[in-house]
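Structure record follows, encoded as structure tokens.
The values are calculated or read from the model by the stated rules, or taken from the named source; none is laboratory data. None of these values were measured; they are calculated from a predicted model. Cβ atoms come from the backbone with ideal geometry, glycine included; neighbour counts cover every protein chain shown. Heavy atoms of the whole protein, side chains included, go into the accessibility calculation; ligands, DNA and RNA do not. Shrake-Rupley method; radii C 1.70, N 1.55, O 1.52, S 1.80 Å.
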Amino acid sequence: MKKTKLKGRTNRLFKEFKMLAEDTTANVSAQLISDNIYHWGATMIGPLDTVYEGGVFYLDIHIPEEYPHKPPKIQFITKVYHPNINLSGHICLDILKESSWSAAQTIRTLLISIMSLLDNPNPDDPLVGSIAREYTNDRKVFNRKARQMVEDETKKQEAASKKELDNNKK
């Protein structure tokens, strides 16, 4: 890769990162992993008035060498009960596919699209067929299971935070 392309990509990523850090309206934030501009962690607050409300969701973002011409690789670290997200955290979303990705997209717009997917699952293009059928045919059961996973994950996060605080006191 030419040095100027690499510099341009790095400059774009720093600008995107700065804009995301300054945006307090979107309920998403990002941090660099090991000070690496090509590896981000993101935090997303569950959308209001959904079964995900009150949840804190962590995502892992790897930015390829070909960015912005290829989409970042992104997946949930936090477990999510959702027709378009499997238990490994992989996400079924059109703009994550190379054929649908546009260089005009940004990581911020991608994260907002993922938040929108939490609010509006697409059971017609599921990653987990059984959850999609449940979402379509028995929303009450889906809502209960999704909410339970949010609560379970929140308890795990709180326990991990408490353990970290206890370790720091020693």
Table column - 3J(HN,Hα) (Hz), the stretch 11-26, Karplus curve with 6.51, -1.76, 1.60, x for Gly and Pro: 4, 4, 4, 5, 5, 4, 4, 4, 4, 5, 5, 7, 8, 9, 9, 8
Extension reserve of the residue 25-residue 38 stretch, reckoned as 0.36 nm per residue once the Cα distance is removed: 2.3 nm
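If the limit is 30 Å between Cα atoms, which of 73/140; 15/97; 18/73 go over it?
From 73/140; 15/97; 18/73, over 30 Å: 73/140.
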5 angstrom amide H check on residue 55, placed H, neighbours 5+ away: 46
Heavy-atom accessible area per residue - the stretch 41-135, 1.4 Å, Å²: 44
Within the chain, longest stretch clear of exposed GluC sites (Glu not before Pro) (DSSP loop, no more than 16 other Cβ within 10 Å): 99-170
Proximal aspartates and glutamates to residue 169, defined as alpha-carbon separation beneath 18 angstrom and excluding residues fewer than eight positions away on the same chain: 158
Tilt relative to the chain, helix 139-169 - C-alpha long axis, 0 to 90 degrees, to 10: 60
Accessible surface of residue 33 - all protein chains present, 1.4 Å probe, nearest 10 Å²: 60
Restricting the stretch 67-124 to trypsin sites (Lys or Arg not before Pro) in coil, as DSSP defines it, with at most 14 other Cβ within 10 Å: 97
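What percent do you get for the relative contact order of the chain when only Cα pairs under 8 Å and 6+ apart count?
Reported as a whole number, the value is 17 percent.
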C-alpha center-to-center spacing [the stretch 85-130, the stretch 1-75] in angstrom: 14
Under 5 Å, built H, 5+ apart or other chain: amide partners of residue 33: 39, 40, 41
Whole-number percent relative contact order across the stretch 3-74, with pairs defined as alpha carbons under 8 Å at least 6 apart: 20
Of 26, 42, 103, the one that fluctuates the most in a GNM where the chain has Cα springs shorter than 10 Å: 103
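Computing the accessible area with a 1.4 Å probe over protein heavy atoms, can you report the carbon and sulfur percentage for the chain?
Ligands and nucleic acids excluded, carbon and sulfur reach 52 percent.
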Hits among aspartates and glutamates - C-alpha to C-alpha of residue 155 under 17 Å, sequence gap 8 or more where chains match: 53, 164, 166
Computed helical MRE - 222 nm, the chain, DSSP H runs ≥ 4 contributing -39500 (n - 2.57), nearest 500: -14500 deg cm²/dmol
